[in-house]
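Student: Pasting a structure below so you can have a look.
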Amino acid sequence: MNAIRNAGGLLLGAALMAACTEPNAGAGPVGTATGLLQADVAAGKTSVVLDATGDWVDITGQDYQDEVSAEITKQGNTFVFVMTLAGAVGDNPTFPSWADAILWDFALDTRPTAFPVGYPFTKNTAAPWELVIGHFVYASGFTDPLNPNSSPGILIDRRPLLTGGQAIVTPIQFTIDGAKMTWVVDAALLGNPSTFQWAAGTSAWQTSGDDVKNGYNQGRHFDHVPDAGRATWPR
């Protein structure tokens, strides 16, 4: 269970990006997210999954990689993604010696019949997720050319891969408040979907070789939500 796993066989698969800095550089708050709106909840625009503490996929994880809950809410023209962990992330999370990056992410499947091939997976790996919303912490000396500014909160749009293009990495509003991470994304950037399936996870990754744009081929998952299958937004 503790062995490094091939990215193609994992439930989630967010990759990493960013010009290298010291681990967790720039990981502090970069914006302010609002709370859930009761009207949105009443309208069925929220999806929430609770997760048991200590239900590790890989027991080498830390408390701040143990998910307690994950939720997605649409507020007007904005999607808000919230991940709550068993412990505060802190400024210097433990970094596996073998990894190029550690991450916390949501992965969205907005097109059930589509399987984009490529980044953040390897260039020959198909995965169902068109969109990945994540927070990435990079190893010292690591550089990802798709996120040259090392933005702590990003959206990976994999839809261009379906037509022979390159995945697009866009900085998004992101905050950390103790054990809670919040991402705020313009609905238009996601294609303003009326429904989608999703999963969330914490993991660590290493690159596949010299060209980071070809993706990340080795990973280790610490926790994921839901424990099996996927959740649906809204529900």
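Student: Please report the Cα spread of the range 101-142 along all three principal axes, rounded to whole Å, starting with the longest.
Tutor: Here the Cα extents, ordered largest to smallest, are 38, 22, 8 Å.
Student: Using a cut-off of 13 Å between beta-carbons, work out the net charge of the residues near Phe196 (Lys and Arg +1, Asp and Glu -1, Phe196 not included).
Tutor: Counting the neighbours of Phe196, the net charge comes to +4.
Student: Moving on to the next point. Give me the percent of Cα-Cα pairs in the range 110-199 that sit more than 16 Å apart, rounded to a whole number.
Tutor: 58 percent
Student: On the protein heavy atoms, probe 1.4 angstrom, tell me the percent of accessible surface of the range 76-208 carried by carbon and sulfur.
Tutor: The value for the range 76-208 is 48 percent carbon and sulfur by accessible area.
Student: Could you provide, to the nearest whole Å², the per residue accessible area of the range 144-197 with probe 1.4 Å?
Tutor: Solvent-accessible surface per residue comes out at 41 Å².
Student: Please list Ile154, Ile59 from largest to smallest accessible area, probe radius 1.4 Å, with all protein chains kept in place.
Tutor: Largest accessible area first, the residues go Ile59, Ile154.
Student: Quick one: 3J(HN,Hα) in Hz for the range 66-81, Karplus 6.51/-1.76/1.60 with θ = phi - 60°, rounded, Gly and Pro as x.
Tutor: Going residue by residue, I get 9, 6, 9, 7, 9, 8, 10, 10, 9, 10, x, 9, 10, 9, 10, 10 Hz, with x marking Gly and Pro.
Student: Express in Å², to the nearest 10, the accessible area of Lys180 obtained by rolling a 1.4 Å probe over the protein heavy atoms while all chains stay in place.
Tutor: Spelled out: Lys180, probe radius 1.4 Å, area about 90 Å².
Student: Quote the accessible area belonging to Asp177 in square angstrom, nearest 10, computed with a 1.4 Å probe and with ligands, DNA and RNA left uncounted.
Tutor: 120 Å²
Student: Please report the spacing between the Cα centers of the range 74-125 and the range 159-178 in Å, no decimals.
Tutor: 10 Å
The values are calculated or read from the model by the stated rules, or taken from the named source; none is laboratory data. Just so it is clear, the structure is predicted and the values come from calculations on it, not from any experiment. When we count neighbours, we look across all protein chains shown, and the Cβ atoms used for this are built from the backbone with ideal geometry, even at glycine. Note: accessible area is taken over every heavy atom of the protein model, side chains too, but ligands, DNA and RNA are not part of it. Shrake-Rupley method; radii C 1.70, N 1.55, O 1.52, S 1.80 Å.
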